[in-house]
Amino acid sequence: MLALLTSCASQSIPVPKGISVTTLTEFPHRVLVTETQSNPPPIPFIIRPIWQIVVQKEGASLRWLRFDPLGIPDARQILQQGRWRNDGFIYPNPQAREMFAALLFAWVPEQELNTSYGKQNWRNSPQADGSINRALFHQGQARWIVHWPSAESMYKNATFSIKHADGTVWKVSPLATEEESQVK
């Protein structure tokens, strides 16, 4: 029963329709995500959650992996034909799936957003300071707001943040690939 409810709830997370994984950013993609809650715990020494996310192409699918700071995976999901499914024996993690879907929304090129999410469901908003916000709406409310520090940083391997409707903020920073690390 619990598995059925989890499965149904996970499908309500917005995923792009009709987008080819070839139109997305280059893969594999590695980022570090730091989470800040809207209501942090009252204990001052609690450390903010930090995860490493790895996304890789597998044919027409995307495999998403989330690791804690010790390198232990806490979520493994595959996005295939617009549906999420578990990968391996890790228990379903709806919070990770939400994070994965928000990252995917941030990475979809602007020219694909109308087809992927529906023209009326998203909006880019240039800000007075030169930054850009992209919002995905669900039932009239912003579900995710992606914030880039500048228009130039939107499709580069740059740091950005995503604010969830519940107030949680994910700061997303790129991690160097092995090739990039060797060049430095």
What is the residue count in the stretch 114-147 for residues that are in contact (Cβ under 8 Å) with a residue 40 or more places away in the chain and acidic (Asp, Glu)? 0
Some residue of the stretch 67-89 being closer than 21 Å to ALA165 by Cα and open to solvent by 50 Å² or more (accessible area, probe 1.4 Å): no
Here are the criteria: (1) surrounded by fewer than 16 Cβ atoms within 10 Å (Cβ to Cβ); (2) of a type outside the set (A, V, I, L, M, F, W, C); (3) within 18 Å of GLN52 (Cβ to Cβ); (4) at pLDDT below 90. Tell me which single one PRO174 does not satisfy. (4)
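Residue-by-condition table, conditions (1) assigned to a strand (DSSP E or B); (2) at pLDDT 90 or above:
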{"site": "LEU136", "(1), (2)": "yes, yes"}
{"site": "GLU152", "(1), (2)": "no, no"}
{"site": "LYS156", "(1), (2)": "no, no"}
{"site": "ASP166", "(1), (2)": "no, yes"}
Looking at the stretch 99-113, can you tell me whether even one residue there is open to solvent by 70 Å² or more (accessible area, probe 1.4 Å), touching a residue at least 60 places away in the same chain (Cβ under 8 Å) and within 25 Å of HIS29 (Cα to Cα)? no
Can we say LEU104 is outside any strand (DSSP E or B) and at pLDDT 85 or above? yes
Quick check on the stretch 153-167: of everything there that is touching a residue at least 40 places away in the same chain (Cβ under 8 Å) and surrounded by fewer than 16 Cβ atoms within 10 Å (Cβ to Cβ), which residue is farthest from THR36 (Cα to Cα)? TYR155
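The values are calculated or read from the model by the stated rules, or taken from the named source; none is laboratory data. Computed from a predicted structure; not experimentally measured. Cβ: placed from backbone, ideal geometry, glycine included. Neighbour counts: every protein chain shown. Keep in mind that these areas ignore ligands, DNA and RNA; they rest on the heavy atoms of the full protein, side chains included. Shrake-Rupley method; radii C 1.70, N 1.55, O 1.52, S 1.80 Å.
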